[in-house]
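Data block below; observations after.
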Amino acid sequence: MSLEVAHVCKDYPTRNGPLSVLRDVSLQLHRGEAVAIMGPSGSGKSTLLHILGTLDRPTAGSVKIEGKDPFSLGEHELADFRSRHIGFIFQDHHLLPQCSVLENVLVPTLVRRGNRAEAEAWARQLLDRVGLSQRLNHRPAELSGGERQRVAVARALVQHPVILLADEPTGNLDRRTAQSVAQLLLELHRQEQTVLVVVTHSAELARQFPQRLEMADGTLQSPEGPAP
């Protein structure tokens with residue numbers, strides 16, 4: 001099992017007592033599996049994604065990635081684990097405006113020692129696969145919204161992650177471009193055999209996924225009822 005989430009809860013302290021955002025969330029996914037998680041604002045979708053990405057810690061419960069509990073690691077070891085195992089795609093692409101397309105894709109590789117030529121060759125290959133091989137030296141401001149999001153997809157995959165997490169990856173795109181980016185994301189996910197988790201408000205995007213779940217009142221449910 002590549003991703004195991006067991007009975008995860010997340011509370012935030014307030015003056016009126018703990019605010020429960022996630023309640024007993026469990027999820028299991030193998031490599032090659034993909035799930036879209038829907039739900040209204042404030043339902044806990046992004047909080048769950050941040051915990052899966054080890055950006056936030058659960059109040060209770062456990063998360064295992066490739067059989068390892070990342071939250072048992074120290075801060076430096078956790079950052080390295082996150083860099084090696086998890087790729088992120090956000091609604092806002094978060095590209096560095098002063099860097100070229102190729103440099104933006106290579107940013108995640110800079111924190112680790114390794115073969116620079118090999119990393120650049122893989123980045124170039126990814127950019128070719130997302131249709132941007134002719135745009136390597138362009139800056140983000142010279143790209144369309146869909147092109148910038150394609151760069152973000154390539155950047156998320158450059159470290160060969162086990163888990164690919166996407167938060168509203170098509171939210172800022174027009175319908176046609178959103179469909180194109182969604183198809184690309186799913187295609188690369190299948191080719192690389194990642195675990196793909198997307199949170200979205202878009203029913204159209206969710207329908208393209210083989211598995212769909214809903215967040216409601218901090219719990220994760222299938223469309224027919226609570227998730228197993």
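For the reader, a short list of remarks on this structure follows.
- The stretch 198-219 residues near the modelled Leu19 label - backbone nitrogen below 18 Å, point 7 Å along Cα→Cβ: 216-219
- A full extension of the chain between Gln183 and Gln125 corresponds to an added length of 19.1 nm, given 0.36 nm per residue minus the alpha carbon distance.
- Extension gain from Asp217 to Lys68, taking 0.36 nm per residue of separation minus the Cα-Cα distance: 50.8 nm
- Using the Cβ-Cβ distance between Thr59 and His160 with R0 set to 25 Å, the FRET efficiency from 1/(1 + (r/R0)^6) comes to roughly 0.20.
- Gap separating the Cα centres of the stretch 1-72 and the stretch 128-156, nearest whole Å: 30
- Over all other residues within a Cβ to Cβ distance under 12 Å of Thr59, the charged ones net out to 0, with Lys and Arg as +1 and Asp and Glu as -1.
- Of all aspartates and glutamates in the structure, those lying under 16 Å Cα to Cα from Lys10, and not within fewer than 8 positions of it along the same chain, are Asp24, Asp56, Asp217.
- Bins of 5 Å, starting at 0 and running to the largest distance - Cα pair percent for the stretch 1-59: 4, 15, 26, 27, 16, 7, 3, 1, 0
- Check: the chain dipole with +1 on Lys, Arg Cβ and -1 on Asp, Glu Cβ, in debye: 340
- Low-density loop cleavage sites - trypsin sites (Lys or Arg not before Pro) in the stretch 172-216, where at most 11 other Cβ are within 10 Å (DSSP): Arg207
- The residue among Val198, Ser144, Ala178 whose Cα reaches farthest toward the positive pole of the charge dipole of the chain, with charges on the beta-carbon of Lys, Arg, Asp and Glu, is Ser144.
- Theoretical gain in end-to-end length, His50 to Leu96 [0.36 nm per residue, Cα-Cα removed]: 14.4 nm
- A Förster radius of 30 Å combined with the Cβ-Cβ distance from Ala141 to Asn115 puts the calculated FRET efficiency at roughly 0.45.
- Neighbourhood charge, 14 Å Cβ-Cβ cut-off, centred on Leu184 and excluding it, Lys, Arg +1 and Asp, Glu -1: +2
- Going from the residue with the fewest nearby Cβ atoms within 10 Å to the one with the most, Ile37, Ile86 rank Ile86, Ile37.
- Projected-area average for the chain over all orientations - Cα convex hull basis, square nanometres: 13.1
- Relative contact order %, the chain, counting alpha carbon pairs below 8 Å whose residues are six or more apart: 30
- Label-to-label distance, Gln193 versus Ser41, with points set 7 angstrom from Cα along the beta-carbon direction: 4.1 nm.
- Cβ crowding within 10 Å averaged over residues, with 58-65, 150-157, 99-106 ranked highest first: 150-157, 99-106, 58-65
- Surface/4 estimate of mean projected area, convex hull on alpha-carbon atoms of the stretch 1-106, nm²: 8.9
- From least to most packed, judged by other beta carbons within 10 angstrom and beginning with the fewest, Ser180, Ser41, Ser72 follow the order Ser41, Ser72, Ser180.
Quick note: the coordinates plus some simple rules give every number you see, no bench work behind them. Source: prediction; values computed, not measured. All Cβ positions, even for glycine, are placed from backbone atoms using ideal geometry, and neighbour counts span all protein chains on display.
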